[in-house]
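The values are calculated or read from the model by the stated rules, or taken from the named source; none is laboratory data. Only a predicted model underlies this, so the values are computations on that prediction, with no experimental measurement involved. Cβ atoms come from the backbone with ideal geometry, glycine included; neighbour counts cover every protein chain shown.
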Amino acid sequence: MDMNKGMFCALIVWFSLGLTNGEAQSGAWRLWAEGLPSGVYPRMAVAPNHDIFYSLLGTGIKQGFVYKANTMAINGQFAELPKVPRPVSVQNNIVALGYNAQSEPLVGVFRTDLSEPWMFRLDQTSKQWEASLSDKIPNLGGFCLATSNDGIIYAGVRWAYIYKSVDGGRSFQAIDENKTIKSNYPCYYPSQLNKSDADGAIFSINIDSRGRIYAGTETAGVIYSDDEGKTWHPADIFACKISDPFQQDTLSPMRALSISGNVGAIGFTKENNLVWSGVNMWELGWKNKLGFADMNNRTTSPTEGISDYLIQTGQQISKIVTSTKGQMFLHSGGVTGASNVGIYTSFDGIHWESFNQGISSQNDGLSQGSLVTDGDKVFMATNDGKVWIYENHESSTTHLGEIQSNFELNPNPVSNFLYLHLSNGDLKNPVRIFNPMGELLMEMNHQSENPIVIDVSDFTSGFYFVNVASVYKRFIKF
C-alpha cells in the first residue's frame, strides 16, 4: 500500500469515528423564529448587544411595529416593541431599520407632509419613540441606515443628501456630498448615467472594516468618504481625465461604478473589495446588474454564477452582507416567474452560487432585503413571518498526530466553487484532490494565486480530500 492510500485509510477511519476537531455544519438554513407578521420586503438589523430587530416595508396588519429578539438565543423569541407614531401622511410601513451604539432601534419612514418627522429612535429609558431632529428636511424620508463602529449613524434619504448623526440618532445633519465631488471632480456631473446634476436619492449606505463609508446613489453610481462624510469621492477613481479633469474618462477600468444607478446594495469581501448592484449592464455587455470592484488593483468585472439576466434592476438587491469568516450573502430578488430567485453566497465577491437549502417558505422576490449577520451567524426573513439562520461551524480541519491546520476551505459543503486559502508558507506547494478511495483526481501547481478557486461542479455528491504538503482536509460536495 502506498503512502497516500495508507493515509486515506487512516482518514476514513478517523472520520467514521467522528474524531474531527470541529463541529460539522449542516450546510443549510434552519428555522430560527416564526409567528411574526407577514408582509413584503422584511427589514432586519442587529445591534451591538446582539439584539435583532424585525419589521416590514409593507404589511396590511400590525402596521408601525418593530419586533426584538436576541441572536444569542438558540431559537428566536421576538417581542413586540411600542408602536412607532408614524406620520399621518405616511407611505408604506417601515422603510429603514437601524440602531445606535446604545443598541436602541431607529426607523426611517416615508411621508408626504414635510412638517412631519421622518426618523424615530426608541429611547431605552422612556420606552417611547422620539422623533429625530434634522437641519434639513428630506422630501420623502429615510431610506437606509448604517452605523459605524464608533457610533456615528449615516442615513440615506429620498430626496436628497446624506445625513449624519453623532448623538445616537437624536439629531441629524445633512451632508451635501454633491458639493465636494463637484469641487474636486468637475467632470462627474452631469452624471454619466442620465446627465443628472446631482446624486438623487441615496439608496444604500455601508461601511467597510476600515471605516470607509460607501453610498449608492440614484443617478451617479457609487461614492465614498474616508473622513466621516466631510469629503466624498467617486468610487471610480479614474472618472475624470488626469489631463483635463473637466472631461470624463470613458476608458476608465472602473467606469462600471460611475455609470451605475439605483444602487440598492453595497457589500464587501473580507479584503474590502466592493460588490454593488445597479450596474448599467446593457452598456457593458454584462449579464446582471451586479458588479465586483477590486479596490486595490482598481478594476471592475462582472460577477459569475447568478442566472443570466436575473438581476435587472439596481434595487432588486437591497442587502449584501459578510460574515466574519468572509462569506458573503445576497438575495437576488426577482419578478414573478423568474427562475433561481433566492439567496446566493460567495467568498471572493466574483463567484456566486445558490444557497437556499433548508428554507421551506416561499423564498421569492418579496422576501429580499432582510439579510443581516452577527459574527458568523446569518439571518434572513421570508415574507410569511419566519426568520431563518445559517451558522458556519465547519473548521474543515482534520488532525492526524500533530498535523496542524495551515489552510482553509470555504464553503463547506460546496456546490460549485471551492475556495482554498493558503498560508504564506504553502504558496509554492502543489494542491491535490483525492476521492475517498485515495485516488488522485486533480493536481494544481500554482504561483501566487490566493485564494485558489477550484471548480467542483462536475464532482459527484460525496466527500473528498484536499492535500497541501502533509495536511489533508475534507470537504463535502452536494
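Out of contact with any His (no Cβ under 7 Å at 6 or more places or on another chain), of a type in the set (S, T, N, Q) and within 15 Å of Gln327 (Cα to Cα): which single residue out of Ser354, Ser360 fits that description? Step by step, each of Ser354, Ser360 is checked, and only Ser354 is out of contact with any His (no Cβ under 7 Å at 6 or more places or on another chain), of a type in the set (S, T, N, Q) and within 15 Å of Gln327 (Cα to Cα).
When Trp118, Trp159 are checked against the criterion of being at pLDDT 95 or above and over 20 Å from Ser370 (Cα atoms), a single residue qualifies: Trp118. Here is the figure for the stretch 170-196: residues that are farther than 30 Å from Leu122 by Cα and in contact (Cβ under 8 Å) with a residue 12 or more places away in the chain total 14. Summed over the stretch 60-79, the residues that are closer than 20 Å to Phe110 by Cβ and not small (Gly, Ala, Ser) give a count of 5.
State whether the residues of the stretch 133-146 include one that is buried (at least 16 other Cβ atoms within 10 Å of the Cβ), part of a loop (DSSP other than H, G, I, E, B) and either in contact with a Gly (Cβ under 9 Å, 6 or more places away or on another chain) or modelled with pLDDT of 95 or more (or both).
Start the filter on the stretch 133-146 by keeping residues that are buried (at least 16 other Cβ atoms within 10 Å of the Cβ), which leaves 134, 138, 140-146.
Narrowing the set further to residues that are part of a loop (DSSP other than H, G, I, E, B) leaves 138, 140.
With either in contact with a Gly (Cβ under 9 Å, 6 or more places away or on another chain) or modelled with pLDDT of 95 or more (or both) added as a condition, the list becomes 138, 140.
Yes - at least one qualifying residue is present in the stretch 133-146.
Taken as a whole, the structure places Thr300 among residues that are crowded, with 22+ Cβ neighbours inside 10 Å, among the hydroxyl-bearing types (Ser, Thr, Tyr), modelled with pLDDT of 95 or more and farther than 22 Å from Ile476 by Cα.
At least 2 residues that are over 24 Å from Asn206 (Cβ atoms) and assigned by TED's automatic domain parsing to the domain that holds Leu371 in each: list the strands (runs of 3 or more DSSP E) lying fully within the stretch 54-129 that qualify. Give the derivation first.
Details: elements: 67-70, 90-99, 105-111, 119-122.
Hits in the stretch 54-129: 90-99.
Just wondering, is there one or more residues in the stretch 195-210 that are in contact with a Lys or Arg (Cβ under 7 Å, 6 or more places away or on another chain), at pLDDT 95 or above, of a type outside the set (A, V, I, L, M) and closer than 17 Å to Ile266 by Cβ? So far as the stretch 195-210 goes, no, none of its residues is in contact with a Lys or Arg (Cβ under 7 Å, 6 or more places away or on another chain), at pLDDT 95 or above, of a type outside the set (A, V, I, L, M) and closer than 17 Å to Ile266 by Cβ. For the stretch 106-119, the set of residues classified as surrounded by fewer than 24 Cβ atoms within 10 Å (Cβ to Cβ) and of a type outside the set (D, E, K, R) consists of Thr112, Leu114, Ser115, Pro117, listed by residue number.
Report whether or not Ser307 is in contact (Cβ under 8 Å) with a residue 24 or more places away in the chain, more than 23 Å from Asp208 (Cβ to Cβ) and among the hydroxyl-bearing types (Ser, Thr, Tyr).
Numbers: in contact (Cβ under 8 Å) with a residue 24 or more places away in the chain: yes; more than 23 Å from Asp208 (Cβ to Cβ): yes; among the hydroxyl-bearing types (Ser, Thr, Tyr): yes.
Against the criterion (in contact (Cβ under 8 Å) with a residue 24 or more places away in the chain, more than 23 Å from Asp208 (Cβ to Cβ) and among the hydroxyl-bearing types (Ser, Thr, Tyr)), Ser307 qualifies.
Listed here are the strands (runs of 3 or more DSSP E) enclosed by the stretch 294-355 that have at least 1 residues being out of contact with any Gly (no Cβ under 7 Å at 6 or more places or on another chain): 299-302, 328-331, 343-346. The set of residues in the stretch 81-136 that are more than 15 Å from Phe172 (Cβ to Cβ), among the polar types (S, T, N, Q) and touching a residue at least 24 places away in the same chain (Cβ under 8 Å) comprises Ser89, Gln91, Asn92, Asn93, Gln102, Ser103, Thr112, Gln128. For the stretch 323-344, filtered to residues that are hydroxyl-bearing (Ser, Thr, Tyr) and crowded, with 23+ Cβ neighbours inside 10 Å, the residue that is farthest from Leu290 (Cα to Cα) is Tyr344. So, Ala24, is that one at pLDDT 95 or above, under 26 Å from the mean Cα position of the chain (by Cα), on the phi < 0 side of the Ramachandran plot and not acidic (Asp, Glu) or not? Criteria not met by Ala24. Between Thr250, Thr231, Thr269, the distinction of being of a type in the set (Val, Ile, Thr) and closer than 23 Å to Lys164 by Cβ belongs to Thr231 only.
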